[in-house]
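Engineer: Handing you a structure now.
What follows is calculated from the coordinates using simple rules that are stated; it is not laboratory data. Fair warning: this is a prediction, and the values are worked out from it, not measured in the lab. Reconstructed Cβ throughout: ideal geometry from the backbone, glycine too, with neighbour counts over all protein chains shown.
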Amino acid sequence: MHRLEGIKGIGPAIADKLIEMGITSAEALAVTSPKYISEEVGISKKKAIEISKNARELLKISFMTGEEYLKKRRAIGKITTGCRALDEMLGGGIETLAITELTGEYGVGKTQIAHQLSVTVQLSREEGGLEGGALYIDTEGTFRPERILQISQRFNVSNDVLKNIIFARAYNSDHQMLLIDEAPKIIEEHNIRLIVIDSIIGHFRGEYPGREALPTRQQKLNKHIRQLLALTEAYNLAVIVTNQVISDPATFFGNPNKPSGGNVLAHGSTYRIWLRKAKGGKRAAKIFDSPLHPSIECIFKITENGVEDIN
Ligand code: ADP
Ligand code: MG
């Protein structure tokens with residue numbers, strides 16, 4: 001973590017106020033929205049934008065040399081899904097420095113995968129984890145600590161498995177975004193290596209219905225995604241977001257559904273996983289929209305143990 005004192009434009013008075021509101025490092029400052037900083041610290045928006053830019057420059061979140069970027073990429077961590085087939089499809093697991101989107105119809109297993117990753121991120125590195133905690137933001141009211149305990153039985157994690165999951169229910173889209181403004185403090189205190197947002201889109205769809213509200217909705221969603229991406233970079237952590245499907249009246253053949261969120265999510269997500277129900281209660285997953293991954297489906301199942309290989 002980099003100290004606030006090293007950032008241009010920050011004197012002791014501003015530093016004290018930032019620390020008071022829980023922003024204790026350059027990393028935290030770089031990823032918190034200037035609007036939030038200006039309101040909470042009582043400085044002008046212009047000053048807030050300036051110090052936040054200076055923090056990003058210090059951390060090389062903006063421009064860097066190819067060599068610096070290579071170094072950053074070498075630090076990418078992977079979280080096992082606890083399912084070999086899924087891990088293989090993903091090239092090892094869910095990556096840090098990336099937003100991975102899970103899309104699929106209701107009941108397909110998005111929330112189950114999110115629960116399981118909140119456990120597996122806690123595993124040792126040898127076992128495919130990152131020895132860190134999870135920050136779980138639930139917008140749909142489907143987080144179940146009992147289910148976490150059930151899933152955790154088959155993994156070698158401590159009895160503190162629930163203590164390492166910091167949970168918050170987001171009540172509307174503004175609240176959801178505010179929780180991300182407040183995330184840096186929690187990330188630093190609890191060594192968070194995975195952020196889950198289940199679902200990223202629900203509140204936005206509900207609050208901004210129809211064509212007229214779409215530009216406002218997409219603008220807000222874009223800001224939210226940018227901030228999540230900045231968190232992955234500042235803290236080398238993984239972000240999982242779940243997305244809903246909408247029916248696409250333009251399709252006559254093939255799949256009549258498509259992911260919600262439009263271009264903002266399509267461009268903001270680093271990896272997009274499409275989930276569907278397969279024969280015999282099984283589930284199928286594939287990475288779509290990726291030039292780097294083959295578009296092959298993998299098959300898994302969901303049991304009382306969680307997300308598992310079919311054999
Ligand atoms: P989504 O979030 O995509 O809407 P979920 O992740 O909630 O879907 O998945 C729900 C499905 O997971 C259920 O239909 C069921 O098949 C499976 N599931 C959930 N809990 C259990 C359990 N305790 N035992 C077996 N299967 C379960
Ligand atoms: Mg769900």
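Engineer: When you have a sec, figure out the Kirkwood radius of segment 1-74 from all distinct Cα pair distances and drop it here in Å to one decimal? Before the final figure, lay out each step's value.
Structural biologist: On the way: mean 1/r = 0.0796 Å⁻¹.
The answer is 12.6 Å.
Engineer: With label points built 7 Å along Cα→Cβ from the Cα atoms of Glu5 and Ile49, find their separation and express it in nm.
Structural biologist: 3.0
Engineer: Considering the options Ala30, Thr303, Pro259, tell which one lies farthest towards the positive end of the dipole of the chain, charges being +1 on Lys and Arg and -1 on Asp and Glu at the Cβ, about the Cα centre.
Structural biologist: Pro259
Engineer: Using a Förster distance of 35 Å, how high is the FRET efficiency between Lys17 and Thr216, based on the Cβ-Cβ distance and rounded to 0.05?
Structural biologist: Working: r = 31 Å, r/R0 = 0.89.
Once the sixth-power term is evaluated, E becomes 0.65.
Engineer: When N is the residue count of the chain, what does its C-alpha Rg come to as a fraction of 2.2 N^0.38 Å? Don't skip to the answer; put the middle values down first.
Structural biologist: Details: Rg = 19.7 Å, N = 311, 2.2 N^0.38 = 19.5 Å.
Normalised Rg, Cα atoms only: 1.01.
Engineer: Also, I was wondering about something else. With only alpha-carbon atoms counted, please give the Rg and Dmax of segment 1-145, in Å.
Structural biologist: That works out to 19.0, 53 Å for Rg and Dmax.
Engineer: Please report the Cα spread of segment 60-99 along all three principal axes, rounded to whole Å, starting with the longest.
Structural biologist: On the principal axes, segment 60-99 reaches 36, 16, 12 Å in Cα extent.
Engineer: Compute the relative contact order of the chain as a whole-number percentage, counting only Cα pairs closer than 8 Å that sit 6 or more residues apart in sequence. Present the calculation step by step, with values, prior to reporting the outcome.
Structural biologist: Numbers: 565 pairs, mean separation 68.0, N = 311.
Relative CO of the chain lands at 22 percent.
Engineer: In terms of Cα to Cα distance under 19 Å, which aspartates and glutamates are near enough to Lys17, apart from those fewer than 8 places away along the same chain?
Structural biologist: Result set, ordered by chain and number: Glu5, Glu27, Glu39, Glu40, Glu50, Asp181, Glu182, Glu188, Glu189.
Engineer: On a C-alpha basis, how far is the centre of segment 279-311 from the centre of segment 69-142 in Å? Whole number, if you could?
Structural biologist: Between the Cα centre of segment 279-311 and that of segment 69-142, the gap is 14 Å.
Engineer: Next question, about the same structure. Could you work out how far apart the two model spin labels at Asp248 and Asn159 are, taking each label as a point 7 Å from the Cα in the direction of the beta carbon, and quote it in nm?
Structural biologist: Distance between label points: 5.1 nm.
Engineer: Based on the Cα atoms of segment 234-311, what semi-axes does the equivalent ellipsoid have, where each is the square root of 5 times one gyration tensor eigenvalue, given in whole Å with the largest first? Working shown, then result.
Structural biologist: Details: eigenvalues 100, 82, 31 Å².
Semi-axes, largest first: 22, 20, 12 Å.
Engineer: What does the C-alpha gyration tensor say about the overall shape of segment 135-189? Classify as rounded when a/c is under 1.5, otherwise prolate if a/b is larger than b/c, or oblate.
Structural biologist: Details: a/c = 4.23, a/b = 1.63, b/c = 2.60.
Judged from the Cα gyration tensor, segment 135-189 comes out oblate (a/c at least 1.5, b/c at or above a/b).
Engineer: Taking the beta-carbon count within 10 Å as an exposure proxy, list Val121, Val161, Val241 from fewest neighbours to most. Could the numbers behind the result be given before it?
Structural biologist: Values: Val121 30, Val161 20, Val241 27.
In increasing order of surrounding Cβ atoms, one gets Val161, Val241, Val121.
Engineer: Hey, any idea what Rg/Rh is for segment 181-310, computing Rh the Kirkwood way over Cα pairs?
Structural biologist: On the way: Rg = 16.8 Å, Rh = 16.9 Å.
Radius of gyration over Kirkwood radius for segment 181-310 works out to 0.99.
Engineer: Would you mind getting me the FRET efficiency between Leu292 and Arg125? Use the beta-carbon distance for r and R0 = 25 Å, nearest 0.05. Walk me through the numbers on the way to the answer.
Structural biologist: Values: r = 24 Å, r/R0 = 0.96.
For Leu292 and Arg125, the calculated efficiency is 0.55.
Engineer: Say the cut-off is 24 Å between C-alpha atoms; which of Lys46/Lys220; Lys110/Lys163; Lys71/Lys110; Lys53/Lys185 go over it?
Structural biologist: Working: Lys46/Lys220 20 Å; Lys110/Lys163 22 Å; Lys71/Lys110 32 Å; Lys53/Lys185 19 Å.
Pairs exceeding the cut-off: Lys71/Lys110.
Engineer: May I ask you to sort Phe288, Phe204, Phe63 by Cβ crowding, counting other Cβ atoms within 10 Å and putting the fewest first?
Structural biologist: Numbers: Phe288 15, Phe204 25, Phe63 9.
Fewest-to-most Cβ neighbours within 10 Å comes out as Phe63, Phe288, Phe204.
Engineer: With 10 angstrom as the radius, rank Cys298, Cys83 by how many other C-beta atoms surround their C-beta, starting from the fewest. Don't jump to the answer; show the numbers that get you there.
Structural biologist: Values: Cys298 20, Cys83 26.
Exposure proxy ranking, most exposed first: Cys298, Cys83.
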